[in-house]
Each structure stands twice: as structure tokens, then as C-alpha cells.
1. Return yes or no: is ASP309 part of a helix (DSSP H, G or I), touching a residue at least 12 places away in the same chain (Cβ under 8 Å) and of a type in the set (D, E, K, R)?
2. All but one of (1) of a type in the set (Gly, Ala, Ser); (2) at pLDDT 90 or above; (3) surrounded by 13 or more Cβ atoms within 10 Å (Cβ to Cβ) hold for ALA43, so report the exception by its number.
3. Residue by residue through the stretch 59-88, note down the ones that are surrounded by 13 or more Cβ atoms within 10 Å (Cβ to Cβ) and not in a strand (DSSP E or B).
4. Report, by residue number, each residue of the stretch 226-260 that is closer than 21 Å to GLY146 by Cβ, over 13 Å from the mean Cα position of the chain (by Cα) and polar (S, T, N, Q).
5. Give the residues of the stretch 261-285 that are farther than 23 Å from ALA147 by Cβ, crowded, with 16+ Cβ neighbours inside 10 Å and without any contact (Cβ under 8 Å) to a residue 24 or more places away in the chain, sorted by residue number.
6. List the number of the failed condition for ASN95; all other conditions in (1) within 30 Å of THR231 (Cα to Cα); (2) buried (at least 19 other Cβ atoms within 10 Å of the Cβ) hold.
7. Kindly evaluate VAL237 against the criterion of being closer than 16 Å to LEU97 by Cβ, among the β-branched types (Val, Ile, Thr) and open to solvent by 50 Å² or more (accessible area, probe 1.4 Å).
8. Let me spell it out: the conditions are (1) touching a residue at least 24 places away in the same chain (Cβ under 8 Å); (2) not in a loop (DSSP other than H, G, I, E, B), and ALA299 meets all of them except one. Which number is the exception?
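The values are calculated or read from the model by the stated rules, or taken from the named source; none is laboratory data. None of the values given here were measured: they were computed from a predicted structure. Methodologically, a virtual Cβ is constructed for each residue, glycine included, from the backbone with ideal geometry; neighbour enumeration extends over all protein chains shown. Just so you know, the surface numbers come from the protein's heavy atoms only, side chains and all, with ligands and any DNA or RNA stripped out. Shrake-Rupley method; radii C 1.70, N 1.55, O 1.52, S 1.80 Å.
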Amino acid sequence: MKVESALGKNETALKHPGLNKKRLTYFLRRDWQLYVLLLIPLAFVLVFKYAPMSGLVLAFKEYKLAKGVWGSEWVGFQVFMDIFDRPDFIRAVRNTLLLNLLDLLFSFTMPIILALLLNEIKSVKFKRVNQSLLYLPHFLSWIIIGAIAYQLLGEGNGAINNVIEGLGGNRVPFLQEDTHWLISYLAIGVWQSMGWGTILYLASISSINPEMYEAATVDGAGRLRKMWNVTLPSIRVTIVTLLIMNLGRIMDGSFERIYSLQNKATTEFTTTIPVLVYRWGIESGNFSRATAVGLFQAAIGLVLVLLADRIAKKLGQDGLL
């Protein structure tokens, strides 16, 4: 009877639009303070997210500072054809994909493993201390992390290399040779992000019904078996959702992270799309080319998100859309 009543009310509202307007007016008068507060984030999104999209026309123009955005000549896709033929662009795409795929392999999986391990700690006080220590790197800027990295891993006077040399070993060029730089880049990224990434997984784990663990214990399952058969399947939705979001950033990258760890001795992997946008746009003043690269990057990211979402739904998971 309640369902039929609700359906009847909806049909009545559809037939009489005036009722919807009265309800809207009622809610606006009742909760006007909340709607006023909503204007602040809404204004932020409109000003800093949507308004700058008008600048995307630079990707289709030969932008001249003296002529302005709308006075510059339209060139269609000529800017895109120009950047696609440049070796720097091909190299930047390759490095961006390589670094982000490796990050996805290590930085995405480590928070899951860490959350599973923290969940097995029985001492609440010990768990909280470890969580706090693991969260701290997330709040450090990449400039500070880069300075610490060179103090610790520098080949000339790094603390770790001083210890290695003191023990009779040879100095290791952690940040002064391309292959070693790549390994150090990934390790530093995992260290910086893994603690913060565990928050969502631990929150998801805390919602698991304890009776499932009790049933697994009765069946003779140990800790590893409980992780594999109870914990992981229960947080699968969270893992898939975060994976889709990370796939959308596969063509993106952290400019600050690259910029703070790069040096003149390592140039093989440090040219990425965000770095290329900075060089072409800020350093060289070629705003049309930089805008075209950014638009290309955003379009590929959108396609990857939609593709990953569709694949997840076909596999029986809940997607984002």
C-alpha cells in the first residue's frame, strides 16, 4: 500500500508541475542556509574548472599575444599535427605511460597489502601509531621530499652512500643514473602514497561483518586464507572503483614529483607530458602547443575511464557511471 501511495504521489506531481514548484519553494525557504553554503563550492567549480575551458580554443589557433585569444588566427588541427610529429612528444607519451603504469603496479597495490597487514594487528595503540607514521609523508610537499631524497641518496655526499662506502662498498648512483633513478622514483612514490592510500581500504574493511571471519575460523581458515577468501572479496568494489579512477590518470603525471627529483644527469625518463606542457607553455611561450598537449591528455584520460568502467560492468562489478 505504501509503494502504491508513493507511486500515486509521483504521478500526481508529474501531471501537475505546479506542485513541484511549490515543493521546491518550500525546500528553498526551509533550508536556505544550506543552499547559500552550497554557492561557495559551486562558485569555485565554475570559476576554476569550467571557466578556463574557454581557453581550449588555443589548441586550434596560432596564438599571438598581441592579437589575444579571439583575435588569433584559426588553424584547425594544424597544431596537433605539429606536436604529433615532434620526437619530444613521442618521448613524453612513452615516459608518461611507463611511469604511470609502473606506479599503478606498485603504488596502487601496496596500500591494499598494507591495509591487509594493518588489519591483522591486534593492538589498537600500536596500529594507530603505525597509521600516523605512515600517513605523514602524504602531507610533505614534493619539494621537501626531493630535498630529503638528495640528502639521503645523493652520490656525492648522500647519507646512505656514505654508509655504503664506510662498509667497504661502492657508491650507488641512486639519482644520477637513469635506471637507478627510475627505481628510486618508484620507491619514493610508494613511500609517499601508500600510507594515505590505506585509509579507504581500512574503512572498507571495518564494514565487513565479523560473523564472516567467525565462520571462516570455524571452517579452519588461517589468517592468510581469511585475507584471500573474506577480506579481499569484501573490498573488491572499493578496489575496482579506485582502479578505474587511477586508469583515468594514466596519461597524467605529477609535475612536482618529476621536477623535484630530476637533474641534468638523468634525462631518459624525466620528459613527461606535464613537463612538456611546462616547457612549451611557460618556458617557451608557445601556449597553443601546450594547450593542444593538455587537451590530448585529457581526452585520452576520459576514454580510458569510460573503457575501464565498461569493462568493470561487463565483469559484474559496479562502475562509476
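1. Numbers: part of a helix (DSSP H, G or I): yes; touching a residue at least 12 places away in the same chain (Cβ under 8 Å): yes; of a type in the set (D, E, K, R): yes.
Yes.
2. With respect to (1) of a type in the set (Gly, Ala, Ser); (2) at pLDDT 90 or above; (3) surrounded by 13 or more Cβ atoms within 10 Å (Cβ to Cβ), ALA43 is out only on (3).
3. ALA59, PHE60, VAL69, VAL75, GLN78, VAL79, PHE80, ASP82, ILE83, PHE84, ARG86, ASP88
4. Scanning the stretch 226-260 gives a single hit, SER260.
5. Those that are farther than 23 Å from ALA147 by Cβ, crowded, with 16+ Cβ neighbours inside 10 Å and without any contact (Cβ under 8 Å) to a residue 24 or more places away in the chain: VAL277, TRP280, GLY281.
6. Of everything listed in (1) within 30 Å of THR231 (Cα to Cα); (2) buried (at least 19 other Cβ atoms within 10 Å of the Cβ), ASN95 misses just condition (1).
7. Numbers: closer than 16 Å to LEU97 by Cβ: no; among the β-branched types (Val, Ile, Thr): yes; open to solvent by 50 Å² or more (accessible area, probe 1.4 Å): yes.
Spelling it out, it is not the case that VAL237 is closer than 16 Å to LEU97 by Cβ, among the β-branched types (Val, Ile, Thr) and open to solvent by 50 Å² or more (accessible area, probe 1.4 Å).
8. Of the numbered conditions (1) touching a residue at least 24 places away in the same chain (Cβ under 8 Å); (2) not in a loop (DSSP other than H, G, I, E, B), the odd one out for ALA299 is (1).
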